[in-house]
Amino acid sequence: MTGLLESALRRLESLSREEQDAIATQIIETLDDEASWDRSFQDRPEVLHLLASEAIDEHRRGETRPLDELLG
């Protein structure tokens, strides 16, 4: 386990059970979601290639904006 994760877990110990469970649920859902995406593209790499091609085409047509601008 990394030092950063250990630090995060120590901070979580001070939260209520409800808050700990809410954060644990978020972490589990994120990990499950990432695993699902990985399986989708591992089983069908052509889908990832198609999505990448579409994104490049949209960028070339000027239909994209920098992420910093969207989050700013």
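The values are calculated or read from the model by the stated rules, or taken from the named source; none is laboratory data. All figures in this text were calculated on a predicted structure; none of them were measured in a lab. Here the Cβ positions follow ideal geometry from the backbone for every residue, glycine too, while neighbour counts run over all protein chains shown. Surface areas here come from the heavy atoms of the whole protein model, side chains and all, with no ligands, DNA or RNA. Shrake-Rupley method; radii C 1.70, N 1.55, O 1.52, S 1.80 Å.
Quick one: accessible area per residue over the chain, 1.4 Å probe, rounded to a whole number of Å²? Please report the intermediate quantities before stating the final value.
Working: 6670 Å² over 72 residues.
Ligands and nucleic acids excluded, the result is 93 Å² per residue.
Here the chain has 55 percent of its accessible surface on carbon and sulfur atoms, given a 1.4 Å probe and all protein chains in place.
Each part reduced to its alpha carbon centroid, segment 50-72 and segment 1-27 end up 35 Å apart.
A value for mean projected area of the Cα convex hull in nm² was derived from the coordinates, and within the list [x] 5.3; [y] 11.1; [z] 7.8 it appears as [z].
With a cut-off of 14 Å between beta carbons, the residues surrounding Thr64 carry a summed charge of -3, where Lys and Arg count +1 and Asp and Glu -1. In the chain, a dipole from Cβ-located charges (positive for Lys and Arg, negative for Asp and Glu) runs towards its positive end, and of Ala35, Gly3, Ile23 it is Gly3 whose Cα lies farthest in that direction. The heavy atoms of Arg61 present about 140 square angstrom of accessible area, all protein chains included, probe 1.4 Å.
What is the dipole size for the chain, taken about its Cα centre, with +1 at each Lys and Arg Cβ and -1 at each Asp and Glu Cβ, in debye to the nearest 20?
Numbers: 8 positive and 18 negative charges, 37 e Å.
Dipole about the Cα centre, nearest 20: 180 debye.
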